[in-house]
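Engineer: Starting off with a structure, shown below.
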């Protein structure tokens with residue numbers, strides 16, 4: 001037996017914390033138990049106790065013969081090519097009522113889906129899901145609520161054809177400005193069970209970064225909408241982090257959420273502003289810099305008695321772009337593999353009218369090889385990123401490391417505190 005190459009060992013309050021990044025297993029041992037474990041690993045003649053059997057079952061320790069990287073790739077490919085769930089990301093419009101400086105869709109806001117295209121979109125989806133598969137739709141944009149009619153049309157057709165799939169659920173990525181209580185009620189009736197809304201810092205900072213196209217602020221109305229939406233749909237607040245919106249701005253946002261009694265009611269996560277072409281834009285943090293910002297925010301929350309740090313989980317299946325049966329659909333019915341390509345001719349892989357094209361773009365994504373051997377093979381958090389964003393690697397030739405590489409030890413300590 002051997003300690004898994006993906007098992008991370010940390011000392012916590014004179015005990016030993018073991019975390020496996022493939023299976024998200026987390027185990028706390030006494031110093032004595034850990035010493036016995038080390039002896040067992042180093043001596044094949046020792047008896048396998050109940051504890052050691054449990055650790056093997058949790059993949060904290062594995063057989064010497066197992067090629068763990070090959071097994072990880074095999075599991076990931078099984079998810080990609082034989083999925084139990086198919087996901088369609090749909091932009092009912094590329095129009096947006098906001099003017100965010102970092103938006104990668106600028107210059108592509110020209111179309112809103114017609115009713116006819118919405119019907120064809122639903123037909124395409126139903127042709128490309130199997131009865132044993134779960135169907136997931138992510139409403140995206142632009143601002144998807146500016147295309148609410150298409151959300152209604154597509155959802156109603158899908159719901160009337162429930163024998164075509166195992167079950168149906170939906171999510172929405174919205175700026176929150178149009179997400180009124182009435183709209184939230186409607187979305188819930190269309191199986192939307194999750195809403196992601198972005199708030200960038202406190203009101204002053206947010207309104208300077210995420211204003212309406214006429215320059216007016218949006219923060220106050222979004223907060224009011226979140227309060228009402230929570231009656232019907234869980235909400236996660238996303239905060240985009242860069243050098244102009246750092247942990248101090250996030251902490252001020254937390255104060256605002258607290259004032260509205262929202263801090264303990266919403267999900268909360270931080271995301272770095274990304275440059276998908278070079279990933280070295282001056283205003284963007286490096287992954288290592290972002291990892292420090294991330295931990296400072298989590299510690300500030302802990303000081304308030306709020307621990308939102310979950311046990312890190314593998315990203316197998318997380319990137320729809322490299323999953324064989326997952327597609328992005330724009331308002332004109334064109335198909336893409338990656339969200340970032342939406343509206344751009346370069347990323348098209350067919351359309352809802354003539355079908356999927358197995359062109360070079362499609363092949364690049366669906367035959368994508370996980371991680372860089374040279375950079376990733378010895379990394380213990382490899383299962384948490386599988387080599388980072390595929391598009392960044394395709395565009396730059398480099399795998400961009402995720403923040404876990406630099407803060408995983410602190411992360412699992414905070415996550416384990418919720419369990420102990």
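Engineer: Condition first: surrounded by 20 or more Cβ atoms within 10 Å (Cβ to Cβ), in contact with a helix residue (DSSP H, G or I) (Cβ under 7 Å, 6 or more places away or on another chain), modelled with pLDDT under 95 and part of a strand (DSSP E or B). Can you find one or more residues in region 227-235 that meet it?
Structural biologist: No: region 227-235 contains no residue that is surrounded by 20 or more Cβ atoms within 10 Å (Cβ to Cβ), in contact with a helix residue (DSSP H, G or I) (Cβ under 7 Å, 6 or more places away or on another chain), modelled with pLDDT under 95 and part of a strand (DSSP E or B).
Engineer: Looking at the structure I just gave you, is residue 93 crowded, with 17+ Cβ neighbours inside 10 Å, farther than 30 Å from residue 166 by Cβ, in contact with a helix residue (DSSP H, G or I) (Cβ under 7 Å, 6 or more places away or on another chain) and in contact (Cβ under 8 Å) with a residue 24 or more places away in the chain? Before you say what the answer is, go through the steps one by one.
Structural biologist: Working: crowded, with 17+ Cβ neighbours inside 10 Å: yes; farther than 30 Å from residue 166 by Cβ: no; in contact with a helix residue (DSSP H, G or I) (Cβ under 7 Å, 6 or more places away or on another chain): yes; in contact (Cβ under 8 Å) with a residue 24 or more places away in the chain: yes.
No.
Engineer: Only one of 182, 164 is touching a residue at least 24 places away in the same chain (Cβ under 8 Å) and surrounded by fewer than 24 Cβ atoms within 10 Å (Cβ to Cβ). Can you tell me which?
Structural biologist: Result of the check over 182, 164: 164.
Engineer: How many residues are within 30 Å of residue 13 (Cβ to Cβ), under 18 Å from the mean Cα position of the chain (by Cα) and surrounded by fewer than 21 Cβ atoms within 10 Å (Cβ to Cβ) if we restrict to region 369-403?
Structural biologist: 1
Engineer: Residue 220 - would you say it is under 22 Å from residue 101 (Cα atoms) and assigned to a helix (DSSP H, G or I)?
Structural biologist: It is true that residue 220 is under 22 Å from residue 101 (Cα atoms) and assigned to a helix (DSSP H, G or I).
Engineer: Kindly indicate whether any position in region 358-372 is in contact (Cβ under 8 Å) with a residue 24 or more places away in the chain and under 24 Å from residue 294 (Cα atoms).
Structural biologist: yes
Engineer: Mind checking which residues of region 42-56 are part of a helix (DSSP H, G or I) and surrounded by fewer than 16 Cβ atoms within 10 Å (Cβ to Cβ)?
Structural biologist: Residues satisfying the conditions are 42, 50, 51, 53, 54, 56.
Engineer: Could you list all residues from region 187-233 that are within 22 Å of the chain's Cα centre (by Cα) and at positive phi?
Structural biologist: Matches in region 187-233: 191, 201.
Engineer: Among the candidates 86, 9, which residue alone is modelled with pLDDT of 95 or more and surrounded by fewer than 17 Cβ atoms within 10 Å (Cβ to Cβ)?
Structural biologist: Working: 86 fails: surrounded by fewer than 17 Cβ atoms within 10 Å (Cβ to Cβ).
Checking each option against the conditions leaves just 9.
Engineer: Of all residues in region 6-23, count the ones that are within 16 Å of residue 380 (Cβ to Cβ), part of a loop (DSSP other than H, G, I, E, B) and touching a helix residue (DSSP H, G or I) at 6+ places or on another chain (Cβ under 7 Å).
Structural biologist: Summing the residues that are within 16 Å of residue 380 (Cβ to Cβ), part of a loop (DSSP other than H, G, I, E, B) and touching a helix residue (DSSP H, G or I) at 6+ places or on another chain (Cβ under 7 Å) in region 6-23 gives 3.
Engineer: Now a separate question. Could you tell me whether region 107-128 includes any residue that is part of a helix (DSSP H, G or I), outside the structural domain of residue 196 (by TED's automatic domain parsing) and without any contact (Cβ under 8 Å) to a residue 24 or more places away in the chain?
Structural biologist: No: zero hits.
Engineer: As an exercise: evaluate residue 157 against (1) surrounded by 20 or more Cβ atoms within 10 Å (Cβ to Cβ); (2) at negative phi; (3) touching a helix residue (DSSP H, G or I) at 6+ places or on another chain (Cβ under 9 Å) and give the number of the one condition it does not meet.
Structural biologist: Going through (1) surrounded by 20 or more Cβ atoms within 10 Å (Cβ to Cβ); (2) at negative phi; (3) touching a helix residue (DSSP H, G or I) at 6+ places or on another chain (Cβ under 9 Å) one by one, residue 157 breaks only (1).
Engineer: Among the listed residues 343, 350, 388, identify the single one that is outside the structural domain of residue 19 (by TED's automatic domain parsing) and either part of a helix (DSSP H, G or I) or touching a strand residue (DSSP E or B) at 6+ places or on another chain (Cβ under 7 Å) (or both).
Structural biologist: Only one candidate passes the filter, namely 350.
Engineer: For the list (1) touching a helix residue (DSSP H, G or I) at 6+ places or on another chain (Cβ under 8 Å); (2) closer than 26 Å to residue 170 by Cα; (3) surrounded by fewer than 19 Cβ atoms within 10 Å (Cβ to Cβ), I need the number of the one condition that residue 219 fails.
Structural biologist: For residue 219, the exception is condition (3).
Engineer: Before we move on, is residue 205 assigned to a strand (DSSP E or B) and more than 16 Å from residue 96 (Cα to Cα)?
Structural biologist: When the stated conditions are applied, residue 205 does not pass them.
Engineer: Which of the residues spanning region 359-384 are assigned to a helix (DSSP H, G or I), out of contact with any strand residue (DSSP E or B) (no Cβ under 6 Å at 6 or more places or on another chain) and modelled with pLDDT of 90 or more?
Structural biologist: Correct list: 360, 363, 364, 365, 366, 382, 383, 384.
The values are calculated or read from the model by the stated rules, or taken from the named source; none is laboratory data. Being a predicted model, the structure only gives us computed values, none of them experimental. Cβ: placed from backbone, ideal geometry, glycine included. Neighbour counts: every protein chain shown.
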